[in-house]
Amino acid sequence: MNRDYIAESGTVDDVNSLIKSKINNGNMVMMFTDKFLCSGQCEISDIRHLLEVRVFNRDSELKIMRPTIADKFTYRFIDDSANQNDYIEEKHYLDIDEKKSDGFEYTATGGGKYSLPVENAEKILIRNYISYDSQGIAQITDYRIVEYLCGEEK
């Protein structure tokens with residue numbers, strides 16, 4: 001399977017240093033063993049419980065992940081500014097109860113609460129990457145977060 005959209009991949013020991021070297025002024029989605037956080041780009045203090053982080057901006061995404069806390073981190077870096085990739089973009093609505101959400105703090109329709117690094121977000125832009133097998137048959141093999149979309153950007 002051809003995955004030309006991946007600019008770089010491998011294993012990583014120092015998560016924060018890799019993030020700083022690849023992305024500037026990005027947003028982060030972090031999944032830990034005990035919580036889920038979204039924020040602007042920052043240093044991750046709880047590496048011990050981190051399972052996955054996506055650091056992204058309009059041009060690129062760095063995804064660092066591990067299946068369990070006993071495993072080593074692996075990463076993949078996509079840089080769309082350097083490549084012309086085949087992809088399909090989708091806009092996904094965020095689960096927001098508009099009557100109970102305000103600014104950076106959101107309440108889902110089921111009552112759960114979460115924060116995002118942007119005010120009044122309504123959607124998230126996802127880019128799905130297309131790869132082709134040896135017979136030329138296309139399939140979506142990866143995706144990345146591109147950006148949060150607010151009122152006028154939707």
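For the pair the range 25-71 / the range 125-152, the C-alpha centres are spaced 20 Å from each other.
Note on the chain: GNM, Cα springs under 10 Å; of K63, K113, K20, the largest mean-square fluctuation is that of K113.
Summing charges over neighbours of I64, with a neighbour being any other residue whose Cβ is under 9 Å away from its Cβ, gives +3 when K and R count +1 and D and E count -1. With protein chains left intact and a 1.4 Å probe, residues in the range 1-40 average 58 Å² of accessible area per residue.
Pairs K22/K123; K72/K99; K20/K91; K35/K91; K63/K113: which are spaced more than 32 Å apart, C-alpha to C-alpha?
K72/K99, as the Cα separations exceed 32 Å there.
Taken along the Cα-to-beta-carbon direction at a fixed 7 Å, the label points for K91 and C150 span 1.6 nm.
Taking the protein heavy atoms of the chain in the context of the full set of protein chains, the accessible area attributed to carbon and sulfur is 46 percent at 1.4 Å. Length gained on full extension, N24 to R48, computed as 0.36 nm times the residue gap minus the Cα-Cα distance: 6.3 nm.
The values are calculated or read from the model by the stated rules, or taken from the named source; none is laboratory data. Keep in mind the model is a prediction, meaning the values are calculated, not measured. Glycine gets a Cβ as well: all are built from the backbone with ideal geometry, and neighbour counts include every protein chain shown. What goes into the accessible areas is simple: the full protein's heavy atoms, side chains included, and nothing from ligands, DNA or RNA. Shrake-Rupley method; radii C 1.70, N 1.55, O 1.52, S 1.80 Å.
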